[in-house]
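As structure tokens, the structure follows; a few thoughts come after it.
The values are calculated or read from the model by the stated rules, or taken from the named source; none is laboratory data. These numbers were taken from a predicted model, which means no experiment stands behind them. Using ideal geometry, Cβ is built from the backbone for each residue, glycine included, and neighbour counts are taken over all protein chains shown. SASA here: full protein model, heavy atoms, side chains in, ligands and nucleic acids out. Shrake-Rupley method; radii C 1.70, N 1.55, O 1.52, S 1.80 Å.
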Amino acid sequence: MLEVRPVTINNWKELAALKVREDQKHFVATNLYSIAESQFGEYIPGEGRWDMMPFGIYDGEKPVGFLMISYNYAAARFQGFILRLMVDEKFQGKGYGKFGMNWMLERYRSDGRVKAIALSYDPNNAAARTLYAKFGFHETGEMVDGEALALLSLR
Ligand SMILES: CC(C)(COP(=O)(O)OP(=O)(O)OC[C@H]1O[C@@H](n2cnc3c(N)ncnc32)[C@H](O)[C@@H]1OP(=O)(O)O)[C@@H](O)C(=O)NCCC(=O)NCCS
């Protein structure tokens with residue numbers, strides 16, 4: 001059974017051990033970095049604090065991927081930002097990324113305070129661009145830290 005589970009004292013090491021292909025490393029932070037970052041969130045002047053929540057993607061008891069969502073209900077333009085999505089190199093192309101996306105969108109949709117969500121990706125990341133476009137994200141034309149910003153309106 002596919003499942004998304006929070007990062008805890010029991011599973012953070014197995015999730016930190018997941019990795020992408022060598023040629024994909026510049027597309028995504030390591031899970032260890034993301035787990036560290038999630039302890040603090042980020043304060044953006046003029047926007048306020050973004051809270052971050054990291055999760056593992058599991059196929060039964062097997063960890064296969066990682067994702068991290070963030071929230072800032074006070075933000076004007078989008079109140080959710082999908083910060084990370086990765087599937088371990090051994091398990092890519094089997095639908096786990098799509099499962100993670102569905103789970104994140106479901107979670108955001110069920111929260112009435114989230115009107116729109118965003119994410120960003122390296123313009124050369126064809127897999128990510130195709131995946132996000134399938135879920136309705138559209139590029140705004142803006143670049144954030146060298147990545148293309150894409151938005152999805154939820155309500
Ligand atoms: C992007 C990523 C999370 C996709 O996860 P995945 O489990 O391999 O993807 P899925 O099997 O669920 O495929 C979902 C869709 O993504 C797209 N996709 C996946 N791999 C692709 C590839 N190599 N080229 C083009 N499209 C691809 C397809 O549209 C696919 O849908 P389809 O099966 O209907 O054709 C995974 O490739 C990954 O971890 N990449 C490295 C890290 C990364 O780039 N993360 C995103 C940072 S913004």
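Relative to the present Cα-Cα distance, how much length would full extension add between ASP122 and PHE40 at 0.36 nm per residue of separation?
Working: separation 82, 0.36 × 82 = 29.52 nm, distance 2.45 nm.
Taking ASP122 through PHE40 to full extension adds about 27.1 nm, to one decimal.
If the reach is capped at under 18 angstrom between alpha carbons, list the aspartates and glutamates near LYS115, excluding any in the same chain fewer than eight residues apart.
Once the sequence-local aspartates and glutamates are set aside, what remains near LYS115 is GLU47, ASP51, GLU106, GLU139.
Distance in nm between label sites at LYS94 and LEU2, each 7 Å beyond Cα in the beta-carbon direction?
Result: 1.1 nm between the two label points.
Debye sum, Cα scatterers, the stretch 1-135, no solvent: what log₁₀ I/I(0) at q = 0.09, 0.13, 0.19, 0.21 1/Å?
-0.25, -0.53, -1.17, -1.41
Residue separation times 0.36 nm, minus the C-alpha to C-alpha distance between GLU22 and SER153: what's the value?
Values: separation 131, 0.36 × 131 = 47.16 nm, distance 3.35 nm.
Full extension of this stretch gives 43.8 nm more.
Take the Cβ-Cβ distance between GLU139 and GLU106 as r, set R0 to 22 Å, and report the resulting FRET efficiency rounded to the nearest 0.05.
Values: r = 23 Å, r/R0 = 1.04.
That pair, GLU139 with GLU106, gives E of 0.45.
Excluding same-chain residues fewer than 8 positions from LYS25, which lysines have a Cα within less than 28 Å of its Cα?
LYS13, LYS62, LYS90, LYS94, LYS98, LYS134
For every helix of n ≥ 4 consecutive DSSP H residues, a contribution of -39,500 (n - 2.57) applies; sum these over the chain, divide by its total residues, and give [θ] at 222 nm rounded to the nearest 500 deg cm²/dmol.
-6500 deg cm²/dmol
Accessible area per residue of the chain at 1.4 Å probe, in Å²? Intermediate results must be reported in sequence, preceding the final value.
On the way: 8450 Å² over 155 residues.
About 55 Å² of surface per residue is accessible.
Just the number, please: carbon plus sulfur as a percent of the accessible area of the chain, 1.4 Å probe, no ligands or DNA/RNA counted. Write out the running numbers ahead of the final one.
Working: 4570 of 8450 Å².
Roughly 54 percent of what the probe reaches on the chain is carbon or sulfur.
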